[in-house]
1. Taking region 31-77 as the region of interest, how many residues are in contact (Cβ under 8 Å) with a residue 60 or more places away in the chain and not in a helix (DSSP H, G or I)?
2. Report yes if some residue within region 26-46 is surrounded by fewer than 17 Cβ atoms within 10 Å (Cβ to Cβ), under 18 Å from residue 2 (Cα atoms) and among the small types (Gly, Ala, Ser); otherwise report no.
3. Taking residue 37 as the residue in question, decide whether it is under 18 Å from the mean Cα position of the chain (by Cα) and either among the aromatic types (Phe, Trp, Tyr) or more than 30 Å from residue 125 (Cα to Cα) (or both).
4. If the requirement is being of a type outside the set (D, E, K, R) and in contact with a His (Cβ under 7 Å, 6 or more places away or on another chain), which of these qualifies: 37, 74, 108, 121?
5. Are any residues in region 107-138 surrounded by 13 or more Cβ atoms within 10 Å (Cβ to Cβ), more than 24 Å from residue 17 (Cα to Cα) and charged (D, E, K, R), and if so, which ones?
6. Collect the residues in region 46-101 that are more than 14 Å from residue 154 (Cα to Cα), in contact with a Leu (Cβ under 8 Å, 6 or more places away or on another chain) and away from ligand 1 (no atom under 14 Å from the Cβ), keeping them in residue-number order.
7. Consider region 1-30. How many of its residues are touching a helix residue (DSSP H, G or I) at 6+ places or on another chain (Cβ under 9 Å), over 30 Å from residue 121 (Cα atoms) and assigned to a helix (DSSP H, G or I)?
Amino acid sequence: MTVYDHVSQQHQRLLRLLEELERTPAEAMLVRSALFATLEEELLHHAEAEQDIFYRMLFERMPDSLAIVEAFDAHSTILHALAEVQILPFDNSRWADKFAALHLLVRAHVLEEEGVIFDLARLKISPCEARALGECMKELPLEADDDATLFEHPAASGQAAGLRLLH
Ligand SMILES: [Fe+2]
Ligand SMILES: [Fe+2]
C-alpha cells in the first residue's frame, strides 16, 4: 500500500465520521460523544502520522515549498478548530456551528492534500519510497508516544506541535 492509498483511506474514514457526527442530533448525546471520541483519536493520529512520516520526507525533499508550509499550517488551524469543539459540552447550542467549521476545514485540507500535495510528492518521492512510507504509516501505533517530538516545519506556525498536548 502506498502512502497515497493509506492517506486517502484514512481521509475517507475521517470524512465518514464527520458526516455521521453532523447528522447526529444534539439529543443523541451519547452517540455524539462516542463518535466524537473516535474522531478525536483518529484525526490526531492521522495528523501526527502525516507530519512525522509523510510531511517530514516532503520537507527534506522540498524545504522551500510553500505548499508544504501551508499543509503544516492547515494542521494547526484544524487543531484549533478541534479544540474549540472540545471545550463545548455536547448539548451546547454552539456545538453544531463549531463542529461544522471543523468539518469544512478538514474537507478543504483533504482536497488540498490529495491534489497539490500528492502531485508534488509524486515528483519527489519514488514509487518504492511511497510504498515504504505507506507501510510505515500503517504500522504507527494509534497510541501516541507523548515524549516524542512531533516533526514541525521550521517556517510553519508551529502550533501543530501541540497536537500531542490534546491527547
Ligand atoms: Fe494533512
Ligand atoms: Fe491527511
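Read the figures in this text as sums done on the coordinates, not as results from a lab. Remember, it's a predicted structure, so these values are computed and weren't measured experimentally. Note that each Cβ is placed from the backbone with ideal geometry, even for glycine, and that neighbours are counted across all protein chains shown.
1. The total comes to 1.
2. no
3. yes
4. 74
5. Those that are surrounded by 13 or more Cβ atoms within 10 Å (Cβ to Cβ), more than 24 Å from residue 17 (Cα to Cα) and charged (D, E, K, R): 122, 124, 129, 131.
6. Hits for region 46-101 are 83, 84, 85, 86, 94, 95, 98, 99.
7. Total meeting the criteria: 3.
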